[in-house]
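The values are calculated or read from the model by the stated rules, or taken from the named source; none is laboratory data. For clarity, every value in this text was computed on a predicted model and none was experimentally measured. Heads up, the Cβs are rebuilt from the backbone with ideal geometry, glycines too, and the neighbour counts pull from every protein chain shown. Ligands, DNA and RNA are excluded from the accessible area calculation, which covers all protein heavy atoms including side chains. Shrake-Rupley method; radii C 1.70, N 1.55, O 1.52, S 1.80 Å.
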Amino acid sequence: MSVCDRIIVPLDVPTQTDALTLIDALPEVSFWKVGLELFVSSGPSILSELKTRQKRIFLDLKFHDIPNTVAGACRSAAQYQVDLLTIHATCGRRALKDAHTALVETAGEQAPKLIAITLLTSLNSRDLAFDLKIPVELPEYALQMALLAKESGLPGAVCSPHEAAQLRSVCGSEFLLVCPGVRPAWSEAGDQRRAMTPGEAIKAGADYLVIGRPITASEDPGAAFQRICEEIEG
């Protein structure tokens, strides 16, 4: 797999028309993320458009509910034949197991890989302690959420690149790590509180990098994408 194939670009736009414009402007991008805003706006038709263009899909809906509900949601999502699907680790062990089982029973070997959100990258240690009232250091909390996902049968997790090295060391080489909060040194961090450069994130153990605005908000998105690929390879 090439370096460019390890970059997932989010379609953080409000309409399908906007999304298709961006997709067609970046033909070199092979992996796209569809999140809540676009999916609520367009429904599964955007997924069909991506499949028609032979793109890989990260359906980032971040399921978070009781076991029966997340299992049902996963059964429904299995029909879309996406590559990655997300669920919050804080759903708990039973919900994680039931969701993963529902996917596998519905789609078999074609099932999306269900990966757990450890902690949103917009949150930092202060948020964890003072707002969420969780008396655990942030790296330890992210690790415990990843281990809960692994013990529940999930193949991977979403984490900040700052936690990637520890998760890789503890969870093993086969555990999939997808890292948002990745920003080239020449771009603004935006609302990402725990960011790292693409090269640093890959070295830390990330399998995939989610990189949005440095590419999509650029005056020349294609050139920005290639620049990031070259920086990682360099």
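Points to keep in mind about this one:
- Ranked packing of 2-12, 120-130, 81-91, most packed first, by mean Cβ within 10 Å: 81-91, 2-12, 120-130
- A crude spin-label estimate for the pair Q54 and E109, with each label 7 Å from Cα along the Cβ direction, gives 2.1 nm.
- One Cα centroid belongs to the range 1-63, the other to the range 110-158; the line between them spans 24 Å.
- Relative contact order %, the chain, counting alpha carbon pairs below 8 Å whose residues are six or more apart: 17 percent
- Counted charge near R56, where neighbours are those whose Cβ lies closer than 12 Å (Asp, Glu -1; Lys, Arg +1): +4
- Probe 1.4 Å, protein heavy atoms only - accessible area per residue of the chain in square angstrom: 46 Å²
- Taking every C-alpha pair closer than 8 Å and separated by at least 6 residues, the mean separation divided by the residue count of the range 83-126 gives a relative contact order of 57 percent.
- Note that the range 1-100 carries a Kirkwood radius of 14.2 Å, evaluated over its alpha carbons pair by pair.
- Taking a sphere under 14 Å around the Cβ of I134 and counting the other residues whose Cβ falls inside, with K and R at +1 and D and E at -1, yields a net charge of -2.
- Split the accessible area of the range 1-116 by element, probe 1.4 Å, and carbon with sulfur accounts for 48%.
- Count of Lys pairs (Cα-Cα under 27 Å; at least 8 positions apart or interchain) in the chain: 23
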